[in-house]
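J.: Quick one: this structure, given as structure tokens, is what I'll be asking you about.
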Amino acid sequence: MIQKSKIKLIALILLILIFINLNVDCLQLNEVKVMSAKKGIIYGRIMIPDPTSVENKERKNLIPLVNAKVTVNDSENIDHTVFTDENGFYQFTEVAPGINYIITAIGKFNEKEFIYKDVAEEVIAGEIYYAGTADFQSMATASLIENLRKKGLFEILEARIGPYCLP
């Protein structure tokens with residue numbers, strides 16, 4: 001009888017310990033979710049014209065820029081850096097909410113360096129922003145925003161008409 005009661009006591013203690021561990025894990029998971037809800041995610045893709053398709057003058061064939069260094073600086077002045085995968089995709093997590101973030105990608109293909117820029121128009125806390133595939137339009141928009149910011153004009157525009165997102 002004593003053996004059975006000891007086994008039951010040990011089983012009860014083990015169950016309590018397991019329950020406590022599960023609750024601690026749940027609490028930690030909830031804290032992570034709460035922290036993540038204050039930040040956003042940006043993801044997109046970097047593709048380059050296929051240099052091997054010389055017969056196509058318009059160069060519509062695109063290939064991923066693999067292992068390109070992609071950076072963005074958020075509204076809390078935190079620099080985020082990631083690298084593209086084998087399909088040219090990148091993803092930033094824990095990005096502070098804000099508008100008109102400039103995304104810069106630098107990578108090489110066949111020893112030729114490529115620099116692409118894109119814009120994340122609005123990052124919202126707890127949401128995912130898809131920047132799409134960087135192209136000439138996004139590069140022009142990003143360059144415009146960067147130049148306006150360097151000259152202090154972007155903040156003047158925002159002060160006069162309020163925060164806005166450029167198309």
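The values are calculated or read from the model by the stated rules, or taken from the named source; none is laboratory data. These numbers were taken from a predicted model, which means no experiment stands behind them. Positions of Cβ are backbone-derived with ideal geometry, glycine not excepted, and every protein chain shown enters the neighbour counts.
J.: Residues of segment 125-145 being under 21 Å from Glu76 (Cβ atoms) and exposed (fewer than 14 other Cβ atoms within 10 Å of the Cβ), which ones?
T.: Ala125, Gly126, Glu127, Ile128
J.: Any residue in segment 89-106 that is in contact (Cβ under 8 Å) with a residue 60 or more places away in the chain, under 23 Å from Ser143 (Cβ atoms), buried (at least 16 other Cβ atoms within 10 Å of the Cβ) and of a type in the set (A, V, I, L, M, F, W, C)?
T.: Yes: one or more hits.
J.: If Pro51 satisfies all but one of (1) modelled with pLDDT of 90 or more; (2) in a loop (DSSP other than H, G, I, E, B); (3) surrounded by 10 or more Cβ atoms within 10 Å (Cβ to Cβ), what's the number of the condition it fails?
T.: Only one criterion is unmet by Pro51, namely (1).
J.: Restricting the search to segment 93-143, which residues are under 16 Å from His80 (Cα atoms), assigned to a strand (DSSP E or B) and hydrophobic (A, V, I, L, M, F, W, C)?
T.: The answer is Val95, Ile99, Ile102, Ile103, Ala105, Ile106, Val119, Ala120, Val123, Ile128, Ala131.
J.: Could you tell me whether segment 91-104 includes any residue that is among the acidic types (Asp, Glu) and modelled with pLDDT of 90 or more?
T.: Yes - at least one qualifying residue is present in segment 91-104.
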